[in-house]
Every structure is written in structure tokens, then in C-alpha cells.
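Okay, so here's the structure we're looking at.
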Amino acid sequence: MRLQVQQPTLFFTKFPKPQTCYFTTMAAMPNSSSEADSTTNPNSQNDLQNLQNYPVPLSPRPPLISKDIELSRAMSAKSNSFFGLPTPDVIYQDQWFLVVNKPQGWYCERVFESVPMALCECDSAESGSPPELHLANRLDRDTSGVMLITKSHKVASKMVKAFTDHKVTKTYIALCIGPAPKWEKITVKSGHGRSKFGAYRVYAASDVGRVLPGGSMVKDMETSFEVLSINGQGCFKERSEFRKDEENTVVVEEKAVTDSDVKRDEVVVRAYPRNGRTHQIRLHCQYLGIPIIGDVKYEGVKEWKGRSYDGHELHAESLSFEHPVTGLPVTFCAPLPLWASQALQQ
């Protein structure tokens, strides 16, 4: 008699795309569809008038060369489909959650599909049915770190609400290249959005709620940062509840001014995103003038000190929230990658 092993059911749950200096909004309006990041071709005077009413992005377009680099990285990531997730990358497991450390250069879907079957056998044996796995959070392809996978619809729905209500605290570690910040802590508040088929861009905070070409809207995003190290001078600090310095909050209303001739330093920061907008930390690092190394889409260098980078150096360090079943506070942390340990001289 042949025994049939039930496979776990996979569900791809859509989660919400899971900072006081004031500036004057730029008076100049876009003169062309390119400035508004529009993909529409105005064919009438009304179209031209509507185009001029669109919000103007305050961060630059990705450089053309980034398309080829991103394509190459995407093809490399697809090759990872031949490999399963190593057991050491499983951080925690119980009857409700599975927590893994996503490798850099892996798509979330690939990690999700490669969860070792052995990790779920105990659930199948006890309940008589395989667990219903859901992705509770998503990370960019080249971002490593904590990924949470739930094992039931009920827990998944509670986690959706927790993320939506900003009841999940997230921390990230990033290695950036740029002039050494004059701040130790800072909060950036801005708009976030993209036109149809366009790239994600930073918009003015006052543009939140306005419509973009293609029908999407500018949404709010807020990220707090603290400096951990500059050129290896500094040390790893334990995570703590971040308290915003209201006197060092940037409310974005105009384009950032950067000086390409200034000395560039290696800056390690910890980021506390309040929202979960797509590429949020990457965009705000770019706006602050310290783009993440390897992040060619948002002005990060591909080569630095003789080394070429195959992805951006951003790591999802931790997730903290109230357990949806027990109600107890829990925190899941992923070990620091080698680049972070080296930069922090651990």
C-alpha cells in the first residue's frame, strides 16, 4: 500500500505595500510628460491641461543603465529556483508561524515555495490536514532578512490587520554611500507613488491623496533613521523603541540638494519604516543623499573600493508585534549578513 503525503497548501495573500524642517513647494510645474513621469500621450488641449495638474516627483528617474543591471540580477535570481531554502535559514517555527531568514537575491515566492516539507509534517500529523501557508510580509528580491509565514487563514487575516494598523514594528540595516550625515537620528515624511508603468518616486508630503498618471494616488510614507557607524567608526546598537526627534524631522516639499563633489563615506544606518511602501527605505536613503550601496535603481553605486555588488545591501533585521493568538509580545530577528558585521566591525 502506497502512502500519499499531503503537501502544504500555499496561499499568496496580498498585503498593503507591506521625516521638523519645512520647505516651500516648488512653484514650477512640469513642462512635459517626462517631468510628470507620465506614460500617456496627450492628444488634446484638455489632456495637456490635465497633465499639468499632476504632482511632480521630487526624486530622479532611475538611470538607463539600471535597466540592464536589474535584468541581469533578475535572471540570476531565477536560477535560484533550483535550490531549496537551507534548514539553517529557518529562525523559528510553531503551530502558527514559520520564520525564515530570506537570502539576498531570492524572490519571496521562491522562498515560500521552497519551505522544507519536513518543517510541516508535524502540523499535518496533528491536524490531519496540511497547513495553509501565507506570506505575512514581503521583501525586495535583493533584501535579505526576516520573512514571516503564517500557517492558517485565521492567523493570516489577523496579521494583515496588524500590518495595516501599523502595529508591527520593523527594523532594517542598510550600508549606504554618501557624505557623513550631520544627524544621529532623523525622520523623513513624504509622499510615495508611481505613474502607470513608471518607477516609484518620492513626492511632496502635501501631494498625498493626489492622482498620478494612470490613476494611482500618492500615498504617505514615513521612515526614521539612526546612524550606527561611519567608515567603521561606531558599533552595533541593540534595537530599542525609536523616539522621534521632532526638531529633526524632514517634511519633504522640494527636491533634495546634493553635491556630487563632496567626500563619500560608508554609512551604516538602522531604519524604522512606519509604513510598508514599496522601496520605501531605498527611496528615503536616496533622498537623504546616502543611497544604499549596490542599489543602482536609486543612485547607489554598483562598484565600490574595487568590489562589484550584485545587489543592494539592505537587511530586514527584525519584526515585533503582539502574537495574534496568545496576545504576548514577540520579536523575530534575523542574523546580520556578513557585509553588515564587517561594516560594524563585530
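The values are calculated or read from the model by the stated rules, or taken from the named source; none is laboratory data. Everything numeric in this text was worked out from a predicted model, so none of it was measured. All Cβ positions, glycine included, derive from the backbone under ideal geometry; neighbour counts span all protein chains shown. Accessible surface is based on the protein model in full, side chains and every heavy atom, while ligands, DNA and RNA are left aside. Shrake-Rupley method; radii C 1.70, N 1.55, O 1.52, S 1.80 Å.
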Local net charge near Lys78, Cβ-Cβ under 15 Å (Lys/Arg +1, Asp/Glu -1): -2
For the stretch 259-323, convex hull volume per residue from C-alpha positions, Å³: 110
Gained length - Val330 relative to Leu64, 0.36 nm times residue gap less alpha-carbon distance: 91.5 nm
Trypsin sites (Lys or Arg not before Pro) restricted to DSSP loop in the stretch 285-319 with at most 11 other C-beta within 10 Å: Lys305
Theoretical gain in end-to-end length, Ser79 to Lys161 [0.36 nm per residue, Cα-Cα removed]: 26.1 nm
Per residue solvent-accessible surface (Å²) - the stretch 241-335, probe of 1.4 Å: 46
Charged-residue dipole, Cβ positions (Lys, Arg, Asp, Glu), the stretch 245-346 about Cα centre, Debye nearest 20: 400
Shape metrics for the stretch 151-210, restricted to C-alpha atoms - Rg then Dmax, Å: 16.8, 47
Above-threshold pairs, the threshold being 20 Å between Cα atoms, out of Lys185/Lys237; Lys170/Lys263; Lys102/Lys185; Lys189/Lys255; Lys263/Lys305: Lys170/Lys263; Lys102/Lys185
Residue-count net charge about Lys102 - beta-carbon cut-off 15 Å; Lys, Arg +1, Asp, Glu -1: -3
In nm, spacing of pseudo-spin labels at Ala256 and Glu322 (7 Å Cα→C-beta vector): 3.5
Protection-proxy order for peptides 173-186, 61-74, each taking the mean of Cβ atoms within 10 Å per residue, highest first: 173-186, 61-74
Local electrostatic count, Cys176, Cβ distance below 11 Å [Lys/Arg +1, Asp/Glu -1]: -3
Carbon plus sulfur fraction of accessible area for the stretch 246-346, probe 1.4 Å, in percent: 47
